1. Kindly indicate whether GLY8 is in a loop (DSSP other than H, G, I, E, B) and open to solvent by 30 Å² or more (accessible area, probe 1.4 Å).
2. Would a scan of segment 54-73 turn up a residue that is free of Cβ contacts under 8 Å to residues at least 12 places away in the same chain, within 23 Å of HIS166 (Cα to Cα), outside any helix (DSSP H, G or I) and not hydrophobic (A, V, I, L, M, F, W, C)?
3. Considering segment 74-98 alone, what residues qualify as being charged (D, E, K, R), part of a helix (DSSP H, G or I) and under 18 Å from GLU177 (Cα atoms)?
4. When the residues of segment 11-25 are filtered to those that are part of a helix (DSSP H, G or I) and open to solvent by less than 30 Å² (accessible area, probe 1.4 Å), which remaining residue is farthest from SER173 (Cα to Cα)?
5. If I ask for residues that are under 25 Å from VAL134 (Cα atoms) and either out of contact with any Lys or Arg (no Cβ under 9 Å at 6 or more places or on another chain) or open to solvent by 60 Å² or more (accessible area, probe 1.4 Å) (or both), which ones from segment 153-162 would you list?
6. Just checking, which of ARG178, ARG165, ARG150 is open to solvent by 30 Å² or more (accessible area, probe 1.4 Å), in contact with a Gly (Cβ under 9 Å, 6 or more places away or on another chain) and within 28 Å of ALA52 (Cβ to Cβ)?
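The values are calculated or read from the model by the stated rules, or taken from the named source; none is laboratory data. Since this is a predicted model, take the numbers as computed values, not measurements. Backbone-built Cβ (ideal geometry, glycine too); neighbour counts: all protein chains shown. These area figures cover heavy atoms from the full protein model, side chains too; ligands, DNA and RNA do not enter into them. Shrake-Rupley method; radii C 1.70, N 1.55, O 1.52, S 1.80 Å.
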Amino acid sequence: MLTVIGAGFPRTGTSSMKAALERLGFGPCHHMFTIMSDPSRVDRWLPLAEGAQVDWEHVFDGFRSAQDWPASFFWKEQAEAYPDAKVVLTVRDPHAWYRSMQTLVSIGPGRELPEDLPEAAAAVFGGLMRLSPVMDLITSSVFEGRSSLREGLPDEDEAVAVFERHVATVKESLPAERLLVFDVREGWEPLCRFLGVDVPGGEPFPHLNDSQAIRETLERLMSGGTIDSPFTRRA
């Protein structure tokens with residue numbers, strides 16, 4: 001049963017949040033990396049692309065929290081399914097977010113793939129391709145006029161406006177006591193206070209999975225290596 005629901009866009013510290021929530025005892029935390037490392041989980045998400053209802057207990061079987069797309073796009077449905085769960089909306093400077101998303105698209109959905117992918121890379125990218133109906137639904141819903149992230153993002157002003165509308169929508173939709181609007185640069189204190197747990201003594205807040213780490217992980221896959229968890233790495 002989910003106890004913490006992520007509502008933030010990708011590249012707003014969702015990987016750092018996954019690591020932080022797991023350190024605080026709210027794990028395992030579902031993240032896009034969950035699907036990349038276990039492509040068999042894609043099937044749990046596919047009914048959403050057809051507009052069908054899903055059993056969230058099945059989707060999140062084994063998880064206590066969620067961050068990142070595809071999970072965070074469906075934050076409202078999860079908030080209704082888990083009325084006792086708290087919601088964390090991760091935010092950052094929207095212009096910095098846009099630049100980070102541009103990098104993510106260029107090294108992920110926007111990259112050209114060779115036909116002879118190594119086995120591990122073929123499994124990861126094959127899983128992401130099977131997930132594409134869900135991700136395309138998310139893209140077309142978030143960025144009007146775009147049917148897929150493979151087309152790239154809209155221009156910066158338009159994307160920033162989308163980001164700001166999303167933040168406003170989440171804030172207007174939930175009572176203040178159930179929602180934390182959180183920039184990971186704030187560190188442990190506001191997150192721990194919101195979740196009612198102690199701050200880990202002497203531990204810096206995790207800052208993980210920066211664009212360079214994503215690039216290195218994908219390049220390792222393309223050169224025949226295995227997928228490397230970004231959650232064991234510090235930015």
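1. Spelling it out, it is not the case that GLY8 is in a loop (DSSP other than H, G, I, E, B) and open to solvent by 30 Å² or more (accessible area, probe 1.4 Å).
2. no
3. Taking segment 74-98 and keeping what is charged (D, E, K, R), we get 76-77, 80, 84, 86, 92-93.
Applying the additional criterion that residues be part of a helix (DSSP H, G or I) yields 76-77, 80.
LYS76, GLU80 - these are the residues of segment 74-98 that are charged (D, E, K, R), part of a helix (DSSP H, G or I) and under 18 Å from GLU177 (Cα atoms).
4. Narrowing segment 11-25 to residues part of a helix (DSSP H, G or I): 14-23.
Imposing the further condition that a residue be open to solvent by less than 30 Å² (accessible area, probe 1.4 Å) reduces the set to 14-21.
On the way: THR14: 21, SER15: 24, SER16: 25, MET17: 22, LYS18: 23, ALA19: 27, ALA20: 25, LEU21: 23 Å.
Result: ALA19.
5. So in segment 153-162, the residues under 25 Å from VAL134 (Cα atoms) come out as 153-156, 158-162.
If the condition is that a residue be under 25 Å from VAL134 (Cα atoms) and either out of contact with any Lys or Arg (no Cβ under 9 Å at 6 or more places or on another chain) or open to solvent by 60 Å² or more (accessible area, probe 1.4 Å) (or both), then ASP155, GLU156, GLU158, ALA159, VAL160, ALA161, VAL162 are the ones that fit.
6. Details: ARG178 fails: in contact with a Gly (Cβ under 9 Å, 6 or more places away or on another chain); ARG165 fails: in contact with a Gly (Cβ under 9 Å, 6 or more places away or on another chain).
Result of the check over ARG178, ARG165, ARG150: ARG150.
Residue by residue, here is whether (1) in contact (Cβ under 8 Å) with a residue 24 or more places away in the chain; (2) more than 18 Å from PRO94 (Cβ to Cβ) holds:
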site	(1), (2)
ASP116	no, yes
LEU128	yes, yes
VAL142	yes, no
GLY145	no, yes
SER148	yes, yes
VAL162	no, no
ALA168	no, no
GLU172	no, no
GLU186	no, no
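One line per residue, one yes/no per condition, for (1) within 24 Å of MET32 (Cβ to Cβ); (2) open to solvent by 20 Å² or more (accessible area, probe 1.4 Å); (3) modelled with pLDDT of 95 or more:
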site	(1), (2), (3)
TRP188	yes, no, yes
VAL197	no, yes, yes
GLY201	no, yes, no
GLU216	yes, yes, no
